[in-house]
Amino acid sequence: MIIQLSKLLSIKTIINNTYAPEICENTCANYGGWNGQWTNAYPAAQKKSVCGCNPCPLP
């Protein structure tokens, strides 16, 4: 099985850990679900917050 690790730009800017679950669960809903990680730090987050999504099997 091949998997693809996903980092997606969040649908909103994440201000702190309080807001992360709601934003990242919605952002990653169609990409394997949220893995609990997020960042606003460069280089991963160059324009917006980034949510870590679970690996998805490739077709």
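The values are calculated or read from the model by the stated rules, or taken from the named source; none is laboratory data. Predicted model only: the values in this text are computed from it and were never measured. Cβ atoms come from the backbone with ideal geometry, glycine included; neighbour counts cover every protein chain shown. To get the accessible areas, we keep the full protein, side chains included, count just its heavy atoms, and leave off ligands, DNA and RNA. Shrake-Rupley method; radii C 1.70, N 1.55, O 1.52, S 1.80 Å.
A compact table of results
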{"read-out": "Positions within the stretch 22-44 being open to solvent by less than 50 Å² (accessible area, probe 1.4 Å) and without any contact (Cβ under 8 Å) to a residue 24 or more places away in the chain, in sequence order", "value": "Gly33, Gly36, Thr39"}
{"read-out": "Scan of the stretch 6-34 for residues that are in contact with a Cys (Cβ under 6 Å, 6 or more places away or on another chain) and not β-branched (Val, Ile, Thr), ordered by number", "value": "Ser6, Leu8, Ser10, Cys24, Cys28, Tyr31, Gly32, Trp34"}
